[in-house]
Amino acid sequence: MRILSLSSASKEEIVSALRRPTQALAAYREKVKPIIAAVRSGGDTAVRRFTKQFDGVDLPSIRVPSEELQGALNAIPKDLRKNLEMARENIVRFQQEAMPSSEPIQTQPGVFCWRETRPLGSAGLYVPGGSAPLVSTVLMLGIPAKLAGVGRIVLCTPPRKDGKVAASILAACAFVGIEEVFAVGGAQAVAAMAYGTESIPKIEKIAGPGNVYVSAAKAEVSVDPEGCAIDMLAGPSELMVIADGSANPTYIAADLLSQAEHDPFSQIILLTASPHLLADVQSELVDQLSLLPRKDIAAKALAGSCAILVPSLDEAIELANLYAPEHLSIQAEEPEKILEKIRNAGSVFLGSFSPEAVGDYCSGTNHVLPTSGTARVQGGVSIRTFQKTFTAQKLTKDGLAALRGTATNLARTEGLEAHARAVDLRFSSLP
């Protein structure tokens with residue numbers, strides 16, 4: 001990790017160190033346009049052609065048979081089944097607490113307004129495969145979609161070189177109750193879900209993380225009126241740690257590496273006012289890195305990341321709010337006091353015994369979170385990702401009478417006489 005001191009480094013150096021190592025999405029949007037167009041016109045044939053080109057496998061059928069899903073679930077070890085059940089229970093418990101209310105609000109006597117919530121008619125879930133088949137992402141997307149009451153759920157995930165989807169992903173799909181699973185990845189999967197093919201139905205919204213080609217394709221279809229909505233544009237994983245001298249360097253190094261092993265472009269950042277802690281974490285990183293199976297990936301992520309020595313935790317908080325990390329770990333004596341000052345973060349982990357890894361799997365919160373600074377304006381996936389709301393209202397005659405003067409005066413101020421008459425006619429005859 002690159003080490004900087006806020007007291008000696010220039011503002012430009014700090015900003016540069018905090019710059020995400022992401023690739024220009026605009027260039028990749030140009031690359032995926034022909035893929036999207038081909039899938040839109042060629043359907044399954046184009047999808048299979050791109051699967052052969054990009055994944056190296058020629059599939060006679062892109063849909064995974066339902067018996068294969070159930071077979072994968074039946075074959076998983078009992079302890080893994082128990083782990084899935086615990087994770088589901090916590091996710092369900094947390095998500096249900098966030099269900100929107102439709103209780104009417106009486107804005108004034110006789111005027112009742114409220115929100116009605118409805119599930120999406122359909123949703124497409126994208127689950128990365130690659131070098132790390134993300135079983136947990138099936139839970140993080142599938143459970144909220146199911147709880148929301150989505151009418152039809154489709155899941156796409158890349159096939160392996162043998163043409164099969166990882167058995168653990170299939171088992172998780174069966175466990176959650178997702179029946180329409182397709183062995184398709186990349187931009188072609190996004191295009192297929194957005195526009196529909198002979199096998200893959202057109203859906204209303206796509207959710208889930210992916211590589212830069214997936215993100216570029218999601219960006220493209222989201223601005224096409226004939227495409228579909230998306231949850232967010234997810235970039236490489238991020239973890240920022242704010243720590244004081246009381247923190248355990250072993251724990252911090254382990255947390256940093258847990259995100260570094262995701263992707264060579266993952267960005268991990270340590271902010272501390274303690275030179276001793278910083279040195280100890282550096283030493284721990286070296287020792288722990290050598291033990292990891294994915295140490296080459298983690299090492300590349302470390303090389304692009306940084307540790308910043310700050311004069312005080314107040315400066316660390318300021319940098320955290322500027323950066324708006326996907327994950328923020330606060331390992332300090334009074335983490336709750338620091339949390340009160342945090343404005344921008346996707347998900348926050350407080351104290352030494354709240355590793356970010358549990359948020360990835362089973363504590364109950366979601367791990368599909370805003371990256372690239374978008375935590376300044378949005379949160380992660382939840383039940384509400386798969387729902388829509390509209391407002392409703394009901395007025396009594398007395399309630400309308402109380403609003404009559406305000407409504408008609410505002411309408412006539414705007415020059416909209418028909419608006420005013422729509423209110424007045426309910427009380428008297430007009431010429």
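Residues in the stretch 343-363 that are without any contact (Cβ under 8 Å) to a residue 40 or more places away in the chain, at negative phi, surrounded by fewer than 18 Cβ atoms within 10 Å (Cβ to Cβ) and touching a helix residue (DSSP H, G or I) at 6+ places or on another chain (Cβ under 7 Å): 343, 344, 350. Looking only at residues in the stretch 44-57 that are among the charged types (D, E, K, R) and free of Cβ contacts under 8 Å to residues at least 12 places away in the same chain, the one that is farthest from residue 164 (Cα to Cα) is 49. Scanning the stretch 265-286 for residues that are of a type outside the set (A, V, I, L, M), in contact with a helix residue (DSSP H, G or I) (Cβ under 8 Å, 6 or more places away or on another chain) and assigned to a helix (DSSP H, G or I) turns up 280, 283, 284. Exactly one residue out of 34, 60, 65, 77 is without any contact (Cβ under 8 Å) to a residue 40 or more places away in the chain and closer than 24 Å to residue 359 by Cα, and it is 77. Selection of the stretch 369-422 for residues being under 20 Å from residue 116 (Cβ atoms) and not hydroxyl-bearing (Ser, Thr, Tyr) yields 383, 384, 386, 387, 388, 390, 392, 393, 394, 395, 399.
Applying the condition of being touching a helix residue (DSSP H, G or I) at 6+ places or on another chain (Cβ under 7 Å) and in a loop (DSSP other than H, G, I, E, B) to the stretch 251-264 and asking which residue is nearest to residue 336 (Cα to Cα) yields 261.
Residue-by-condition table, conditions (1) assigned by TED's automatic domain parsing to the domain that holds residue 250; (2) more than 15 Å from residue 270 (Cα to Cα); (3) part of a loop (DSSP other than H, G, I, E, B); (4) under 24 Å from the mean Cα position of the chain (by Cα):
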residue	(1), (2), (3), (4)
307	yes, no, no, no
337	yes, yes, no, no
342	yes, yes, yes, yes
353	yes, yes, yes, yes
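Here residue 219 clears all of (1) part of a loop (DSSP other than H, G, I, E, B); (2) surrounded by fewer than 22 Cβ atoms within 10 Å (Cβ to Cβ) except the condition numbered (1). Every listed requirement among (1) among the hydrophobic types (A, V, I, L, M, F, W, C); (2) in contact with a Pro (Cβ under 8 Å, 6 or more places away or on another chain); (3) more than 27 Å from residue 132 (Cα to Cα) is met by residue 349 save one, (3).
Take the conditions (1) surrounded by fewer than 16 Cβ atoms within 10 Å (Cβ to Cβ); (2) assigned to a loop (DSSP other than H, G, I, E, B); residue 388 misses just one of them, which is (2).
Taken over the stretch 294-340, the criterion of being closer than 22 Å to residue 19 by Cα and among the β-branched types (Val, Ile, Thr) is satisfied by 297, 308, 310, 317, 330.
Here is the figure for the stretch 82-113: residues that are over 25 Å from the mean Cα position of the chain (by Cα) and either surrounded by 11 or more Cβ atoms within 10 Å (Cβ to Cβ) or under 30 Å from residue 403 (Cα atoms) (or both) total 12.
Screening residue 318 on (1) part of a helix (DSSP H, G or I); (2) surrounded by 20 or more Cβ atoms within 10 Å (Cβ to Cβ) shows it passes everything except condition (2). Among the residues of the stretch 222-250, those that are buried (at least 20 other Cβ atoms within 10 Å of the Cβ), outside any loop (DSSP other than H, G, I, E, B) and touching a strand residue (DSSP E or B) at 6+ places or on another chain (Cβ under 7 Å) comprise 230, 238, 239, 240, 241, 242, 243. Name the pairs whose Cβ atoms lie under 9 Å apart, with the first residue in the stretch 209-224 and in contact (Cβ under 8 Å) with a residue 40 or more places away in the chain and not assigned by TED's automatic domain parsing to the domain that holds residue 37, the second surrounded by fewer than 20 Cβ atoms within 10 Å (Cβ to Cβ) and not polar (S, T, N, Q), and 6 or more positions between them or separate chains? Nothing qualifies. Listed by first and then second residue, the pairs linking a residue in the stretch 413-431 that is under 18 Å from residue 401 (Cα atoms) to a residue that is part of a loop (DSSP other than H, G, I, E, B) and at pLDDT below 95, with Cβ atoms under 7 Å apart and 6 or more places separating them unless they lie on different chains, are 421/430; 424/430. Residues of the stretch 364-378 that are surrounded by fewer than 18 Cβ atoms within 10 Å (Cβ to Cβ) and farther than 16 Å from residue 240 by Cβ: 364, 377, 378.
The values are calculated or read from the model by the stated rules, or taken from the named source; none is laboratory data. Since we're looking at a predicted model, the values are computed, not measured. Note: ideal-geometry Cβ built from the backbone for every residue, glycine included; neighbour counts use all protein chains shown.
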